[in-house]
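Only one structure is covered here, and it is reproduced in the block below.
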Amino acid sequence: MDAVLGDPWDASNPLGFAAVLDADERGELSAAGEKALTAAGLAEEFVPRSLGGRLTGVEGLVQVMRAIFRRDPTLGLGYGITSFIAAVPVWTDGSPAQRDRLAGLLLGGERAAAAFTELAHGADFTRVALRADPAPGGGFLVTGAKQLINNIARSRAVTLFARTSDEPGSRSHSTLLLDLADAPPDTYRVLPRFPTSGLRASLLAGIDFDRCPVPEDSVVGERGAGLETALRAFQVTRTALPAIVVGVLDTQLRLAAGFAGERVLYGRPVADLPQSRACLTGALADLLVCDAFSGVAGRALHLLPDRTSVVAAASKYVVSTLMESASYELSVLLGARSYLREGPYGLFQKYQRDLAVTALAHASAAACLSTIIPQLPRLARRSWLRADPAGPELFRLGEELPELDFSLLAADARGADSLTAALALADLPELAPLRDVFLGELAGLRERCVDLPPRERTVSASAETFVLAERYSLVLAAGACAGVWAARRDPFTTAWLLVALGRLADRLGLPHPPPPPEAGRLLFSELVARRERSLTFDFSAHPLARHGR
């Protein structure tokens, strides 16, 4: 994909950084970018191999899309990943006919839109008001509006979350697959586009239905099972999307490292100043935490599909949080240059705006934590400080996996957590103090969660309970990092783990021994070497089209 996109610093490249920045200023999607991705057959990445596409799992999709997001997040989201988000519920629970139909549309060049949430209700799916009422002659009549749908104005297929019963509870909504080509034009209208500060060129709009007829066989899965379908399918998208967005931070870090190496202050490069160097190494450490946690979560979809609901939600929350924080820290290093809208550093502010929007895309922090909270008591009773670590294959990022079977995904982890147990794998003497910090935190969480009152196990839980889910998510991230280290056990990964666990402990407000100075020096040396050799900063160290100026 990097070869398709070409040299980002070539001013004549219609897919280069200059063209990306110009398109963002105009608020337009890159026509050249969309043409190139179509020619590369990107839509095949969103369709399972069994249906004629190239999709076999999350890792391959992430690497392809991460390359696009390193270049332009708006192009990555606007061109295709939205179709993947819309398609996953169909791959998860759709009938063979529905899967074949949607695969044919996507492979034929059509787009799909995901119409799940509503502005009035945010991430609370149980309050979705758009209705699909029984029609006199069979099927349904859809009435109501959805807002903030990417690509709705140019999508043929729509995955729609609708109320199909007035009864209270979790069986009141269904997922529908609509083909707008079959809908009478006078029964729906596309609403005006919403302008956004980040992802400026994204075609966010809404759709308003007025007794739009849809056939009975448009229901994905069972009628009334829409919430369960969403909870199962979203594990894939909650894992994949933040993993893909790591590409944005990769480019920001590359820009900041270039600035620090070129800018002279007090008679020496900014990169030689201790505070600047700490900022760069900290951002690299956080990027690798994001890669490790999202990578392990993605592999869990294949290897532990019946227990990934918690890990997927925690990964979405932690990775989005860390990337936004690292982006801000790098903006402080750049200073006034982080506001520039042209020149070699003009992209930084675009990426920072884009990150802020992608952090909310598809699942907010509150939605992710709300998935975790009801499961805390069973996790505390059954797994914490009791479970054995997952097998080593979970942590071998990039190693071949069995094809993802969407049908095996479960909405509830049933108290299973073998990821925090991976902390025990950090068995070197220099890692033991940090490992014990997180094990102690998990013990404290167990005491507070094991008897969590019923009222605190719902979306209306108190702020204190949401904090428990936040803290547990960070412990899960630490476990994922320990597992990835154990699968590698090389000097660089050891240095990274010392710095990374310390930074995660800081987020928890937990005292810990500082990492040895040599760990920071090793991380900085690796950062400089990868930038000079045009390699990605994630664990894959993938060769890039020229990324240094």
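Annotations
- Hits in region 165-190 (condition: modelled with pLDDT under 95 and more than 27 Å from the chain's Cα centre (by Cα)): S165, D166, E167, P168, G169, R171, S172
- All told, L322 falls short of being of a type outside the set (S, T, N, Q), within 30 Å of A387 (Cα to Cα) and surrounded by fewer than 24 Cβ atoms within 10 Å (Cβ to Cβ).
- Filtered by the rule that a residue be of a type in the set (F, W, Y) and not in a loop (DSSP other than H, G, I, E, B), region 516-542 gives a lone residue, F524.
- Residue count for region 378-414, restricted to those that are of a type in the set (S, T, N, Q) and within 18 Å of L476 (Cβ to Cβ): 1.
- Restricting region 32-80 to residues that are in contact with a strand residue (DSSP E or B) (Cβ under 9 Å, 6 or more places away or on another chain) and at pLDDT below 95, the residue that is nearest to G247 (Cα to Cα) is L77.
- Filtering R71, R111, R101 for residues that are touching a Lys or Arg at 6+ places or on another chain (Cβ under 7 Å) and among the basic types (K, R) leaves a single hit, R111.
- From the list R503, R488, R521, the lone residue that is of a type in the set (K, R) and over 19 Å from A278 (Cα atoms) is R488.
- Number of positions in region 61-97 that are farther than 13 Å from P48 by Cβ, assigned to a helix (DSSP H, G or I) and of a type outside the set (K, R): 23
- Residues located in region 446-474, provided they are part of a helix (DSSP H, G or I), farther than 14 Å from L369 by Cβ and of a type outside the set (D, E): R446, R448, P454, R455
- Residue within region 199-222 that is closer than 27 Å to S315 by Cα, modelled with pLDDT of 95 or more and of a type in the set (A, V, I, L, M) present: yes
- Note on region 502-515: residues that are more than 15 Å from L287 (Cβ to Cβ), part of a helix (DSSP H, G or I) and in contact with a Phe, Trp or Tyr (Cβ under 9 Å, 6 or more places away or on another chain) total 2.
- Near pairs, Cβ below 7 angstrom, 6+ apart or cross-chain, from region 1-14 (more than 20 Å from A39 (Cα to Cα)) to any residue that is among the small types (G, A, S): W9/G16; D10/G16; A11/A18
- Listed by position, the helices (runs of 4 or more DSSP H) contained in region 297-402 that have at least 1 residues being more than 21 Å from the chain's Cα centre (by Cα) and in contact (Cβ under 8 Å) with a residue 60 or more places away in the chain are 309-334, 346-358, 376-382.
- Whichever residue in region 218-277 is among the charged types (D, E, K, R), closer than 21 Å to Y351 by Cβ and under 29 Å from the mean Cα position of the chain (by Cα) and, among such residues, is surrounded by the fewest Cβ atoms within 10 Å (Cβ to Cβ): R254
- Residue in region 27-49 that is under 17 Å from the mean Cα position of the chain (by Cα) and not in a helix (DSSP H, G or I) present: no
- Only one of F161, F194 that is of a type in the set (F, W, Y), within 15 Å of A112 (Cα to Cα) and assigned by TED's automatic domain parsing to the domain that holds A123: F161
- Matching residues in region 440-471 - criterion: being of a type in the set (A, V, I, L, M) and buried (at least 19 other Cβ atoms within 10 Å of the Cβ): L442, L445, A461, L468, A469
- Residues in region 107-119 include at least one that is assigned to a loop (DSSP other than H, G, I, E, B), free of Cβ contacts under 8 Å to residues at least 40 places away in the same chain and either on the phi > 0 side of the Ramachandran plot or out of contact with any helix residue (DSSP H, G or I) (no Cβ under 9 Å at 6 or more places or on another chain) (or both).
- Test result for G509, out of contact with any helix residue (DSSP H, G or I) (no Cβ under 8 Å at 6 or more places or on another chain) and of a type outside the set (A, V, I, L, M): yes
The values are calculated or read from the model by the stated rules, or taken from the named source; none is laboratory data. All values reported here derive from a predicted model rather than from experimental measurement. Virtual Cβ from ideal backbone geometry, glycine too; neighbours counted across all protein chains shown.
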